[in-house]
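Only one structure is covered here, and it is reproduced in the block below.
The values are calculated or read from the model by the stated rules, or taken from the named source; none is laboratory data. Fair warning: this is a prediction, and the values are worked out from it, not measured in the lab. Every residue, glycine among them, receives a Cβ derived from its backbone with ideal geometry; neighbour counts consider all protein chains shown.
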Amino acid sequence: MKKHTIVALVQDRPGVLSRVVGLIRRRGFNIESLAVGHSETPGVSRMTIVVEWEDVEQVVKQLYRLIEVLKVSDVTNDPTVEREMALMKLHAPPAKRPEIVALTEVFDAKIVDVGANTMVIEMTGSPAKVQNFIDVIRPYGIREMMRTGRIAMVRGARGHTAEEYVESANGHAERVPVAN
Amino acid sequence: MSEKRTGAQVMCEALIRNGVEVMFGIPGGAIMPFYYAMWDYRDKLRHVLCRHEQGAGHAAEGYARATGRLGVCIGTSGPGATNLVTAIADAMMDSTPILAITGQVASHVLGKDAFQETDITGITMPITKHNYLVKRAEDLPYVFEEAIYIATTGRPGPVLIDVTKDAQQATIVPDWNIKLDLPGYKPNYRPNLKQVREAIKLILSAKKPLIIAGHGVIMSGAVEELRAFAERTRIPVITTLHGIGAFPEDHPLSIGMPGMHGWVHVNRAIQECDVLFNIGGRFDDRVTGKASTFAPNAKVIHVDIDPSEIGKNVKVTVPIVADARLALQAFLNEFPPDREAFAELHGHASDWMEHIREMQAKHQPKQQYFNRADTENMSLPPHDVYAALTKALNSRGNYRVVTDVGQHQMWAAQLIDWYRPRTHITSGGAGTMGFALPAALGVAIACPNDTVWVICGDGGFQMTNQEMATIVQEGIKNVKVAVINNGYLGMVRQWQELFENKRYSGTPLSGPDFAKLAEAYYWKGITVEHTSQVEAAIEEAYATDGPVLIDFRVEREVNVFPMVPQNKSISEMILESPHKS
């Protein structure tokens, strides 16, 4: 099964996350990561979902059945910028710190907290780079880790603004009367 | 309209504004404010008190299926709401426009396990087209308008509105100046003409074309258009279980029902056809059998209003996302005007039809099922009931038939002659036993001038038979019930006989004396044990000015044939039992 990255524009209403997740759960797929937040347009959120899917096209179509879903794109094969952030609390006794500092510099990571025996590192980058850093740092002892899941944006002028979906909704669709 | 209203009054007025006249429900604590308000609107909003919320839900479905209008059902919070769940799921599977209104505990105790609190919006999320939790009375006018719009447009379906008790009680000045904001919901009704022309090219070049007509034809009111389309092209027409009535079965182009219990010649024709035009059907697995083996030679044209149906089960050559009626109108407009363009197609279609009729004559046509040699020694073969009922329906007219789920349902679909849309109402997708009697209650209210026949098994009938009381309380006289009583959960028993070596695990079923049960509910009850009594019993049902139940104690182990075993190709049909006794 192939890993897919799906980007969805959704109306920011209560329950919308639950509806999207429910549709994926129904087929017993596991969500690898899911990131949601406001888009450039008030009232519209953008989701990035990473899952292993067999028939992604069918699921994308079914996502469209959800009333609050405005646009769904499978960007797996598109040129995208993908980013993820991880926070790691490391076991960092004073003797180990110089090595850790050196590694964070190599990876462009940031040290955001230092305690008596711990350090918190913020690492942002492509999912591969984040994973790479985690692999390298793991031997020092990761006490806690948190990852945001990836967010993805299509490069160049392509992609979809939230506005075009909100503004094109002029009133509502026609109602076709039933004849018999 | 700037007067003060309670939330509950707003709910009533929103329903009236949207043309609702009847509601089916049961009151309870959290929905009491709505019932309090309803009393003032009782001239315009008729409330039908059901005996179980599942019955209320199915009644709303029956009302909707008989008329195409919105059906409304009501339950209180907690168990009242969860009892609606089966009917809501049923409506989702069969694209039935219903609105379920549930009371919810007051907003300040939400999520605190209050008495009769259940997260019904959470529960019904996957089985509704959309649902709402309303905590503020101010939101009610908009939510009702949007909910009813969503339920009744595009591909129709169930919508649930859960209203907290305090929102029903709060007093507000409702704002009826509503502009729907639904950027993510824009059903596409009009077909893409380029696709239509592409499809016409395919149709005109076909040698063995077939039309499959589904539920969408009936829901969109496309019956006339379908007939014109078929007559223009002379393509044979198949009607699915929910497509029954979309095309009259006495029409020379009608060939019958496909699928698991479809006719042999229909399934063979599907396997042989080169162009398959599916209008408003969803290629359900009970139609296709093993999907990868379905219509192997066919290029498929699929018209459906729901884009997610296209390509879901069967590979499609020309997809058309549109309302069935508007799509057929577009075809009729785009067809070449001259007769010559159709000459070749008509030639092929006529040879093809002849071939199908030959197959039909060879492989057990409908008539043979009425006079089979193996029913000779039976005192009451079920087929005799259907023969007599068909005769009565045809001679008296003005009928609706509501069937439940199981053997009796398939026999009804196979053996009764169907002519008109919305005369055959059944639970197809969900296969909900217990659907028929309560659904018939809704049908009877919607169609007071028709005789509403319920055909039901003894298993399914016992699941919701309490609605007999509702029918009496409402003064409904036009419901007649035929229980096809074989003392088994018959369809399961049939599978056990055919595929599990007669291991009748959990299928033998005892029931009450159904005629006495009916009498206890102030119905007329009749028991029939022999073919010779069938016609008289049906006559008596018609002659009785009130609801009647006939307990047809049919031969116990009769099977529905033909049959395609589950997940087998529709080429592999079983025509008779291998365990002949």
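Numbers for the structure displayed
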| read-out | value |
| --- | --- |
| Inter-residue pairs, beta-carbon under 7 Å, first in contact (Cβ under 8 Å) with a residue 40 or more places away in the chain and in the stretch B:452-473, second part of a strand (DSSP E or B) and surrounded by fewer than 22 Cβ atoms within 10 Å (Cβ to Cβ), 6+ apart | B:Trp453/B:Tyr399; B:Thr470/B:Leu49; B:Gln473/B:Leu49 |
| Elements of type strands (runs of 3 or more DSSP E) in the stretch A:99-147, at least 3 residues being of a type in the set (Val, Ile, Thr) and over 14 Å from A:Arg83 (Cα atoms) | A:110-114, A:118-125 |
| Residue within the stretch B:498-517 that is hydrophobic (A, V, I, L, M, F, W, C) and surrounded by 22 or more Cβ atoms within 10 Å (Cβ to Cβ) present | yes |
| When residues of the stretch B:494-523 are limited to those that are acidic (Asp, Glu) and without any contact (Cβ under 8 Å) to a residue 24 or more places away in the chain, the one nearest to B:Val472 (Cα to Cα) | B:Glu519 |
| Selection count, the stretch B:187-232, where residues are crowded, with 19+ Cβ neighbours inside 10 Å, among the charged types (D, E, K, R) and away from chain A (no Cβ under 14 Å) | 1 |
| Selected residue (criterion: surrounded by the most Cβ atoms within 10 Å (Cβ to Cβ)) from residues of the stretch A:1-20 that are within 14 Å of chain B (Cβ to nearest Cβ) and β-branched (Val, Ile, Thr) | A:Val10 |
| Residue within the stretch A:75-98 that is within 14 Å of another protein chain (Cβ to nearest Cβ) and polar (S, T, N, Q) present | no |
| Residues satisfying the stated conditions in the stretch A:75-86, i.e. outside any loop (DSSP other than H, G, I, E, B) and buried (at least 16 other Cβ atoms within 10 Å of the Cβ) | A:Thr80, A:Glu82, A:Arg83, A:Glu84, A:Met85, A:Ala86 |
| Among (1) loosely packed, with under 13 Cβ neighbours inside 10 Å; (2) closer than 25 Å to A:Glu122 by Cα - the single one A:Leu34 does not satisfy | (1) |
| When residues of the stretch A:48-74 are limited to those that are more than 13 Å from every other protein chain (Cβ to nearest Cβ) and either surrounded by 21 or more Cβ atoms within 10 Å (Cβ to Cβ) or in contact with a strand residue (DSSP E or B) (Cβ under 6 Å, 6 or more places away or on another chain) (or both), the one modelled with the lowest pLDDT | A:Trp53 |
| Matching residues, the stretch A:38-71, being part of a strand (DSSP E or B) and without any contact (Cβ under 8 Å) to a residue 60 or more places away in the chain | A:His38, A:Ser45, A:Met47, A:Ile49, A:Val51, A:Glu52, A:Trp53 |
| Subset tally (residues that are assigned to a loop (DSSP other than H, G, I, E, B), touching a residue at least 12 places away in the same chain (Cβ under 8 Å) and within 12 Å of chain B (Cβ to nearest Cβ)) for the stretch A:21-30 | 1 |
| Helices (runs of 4 or more DSSP H) wholly inside the stretch B:74-155 containing at least 2 residues that are buried (at least 20 other Cβ atoms within 10 Å of the Cβ) and away from every other protein chain (no Cβ under 12 Å) | B:79-82, B:85-93, B:140-152 |
| Residue selected from the stretch B:305-335 under the condition β-branched (Val, Ile, Thr) and within 11 Å of another protein chain (Cβ to nearest Cβ), by the criterion nearest to B:Val196 (Cα to Cα) | B:Val321 |
| Selection status of B:Gly184, farther than 14 Å from B:Ile301 by Cβ, part of a loop (DSSP other than H, G, I, E, B), within 12 Å of chain A (Cβ to nearest Cβ) and out of contact with any Asp or Glu (no Cβ under 8 Å at 6 or more places or on another chain) | no |
| Neighbours by Cβ (under 9 Å, 6+ apart or cross-chain): first from the stretch B:561-576, farther than 26 Å from B:Pro381 by Cβ; second of a type in the set (D, E, K, R) and crowded, with 19+ Cβ neighbours inside 10 Å | B:Ile570/B:Arg268; B:Ser571/B:Arg268 |
| Residue match in the stretch B:271-281 (condition: modelled with pLDDT of 95 or more, at negative phi and within 14 Å of chain A (Cβ to nearest Cβ)) | no |
| Lone qualifier among B:His261, B:His265 - being within 14 Å of B:Ala413 (Cα to Cα), away from every other protein chain (no Cβ under 14 Å) and touching a residue at least 60 places away in the same chain (Cβ under 8 Å) | B:His261 |
| The listed residue being touching a Phe, Trp or Tyr at 6+ places or on another chain (Cβ under 7 Å) and either surrounded by fewer than 24 Cβ atoms within 10 Å (Cβ to Cβ) or modelled with pLDDT of 95 or more (or both), out of B:Thr464, B:Thr470, B:Thr451 | B:Thr451 |
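One line per residue, one yes/no per condition, for (1) modelled with pLDDT under 95; (2) charged (D, E, K, R); (3) buried (at least 18 other Cβ atoms within 10 Å of the Cβ); (4) outside the structural domain of A:Met47 (by TED's automatic domain parsing):
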site	(1), (2), (3), (4)
A:Met88	no, no, yes, yes
A:Val114	no, no, no, yes
A:Glu122	no, yes, no, yes
A:Lys129	no, yes, no, yes
A:Phe133	no, no, yes, yes
A:Glu144	no, yes, no, yes
A:Ala173	yes, no, no, yes
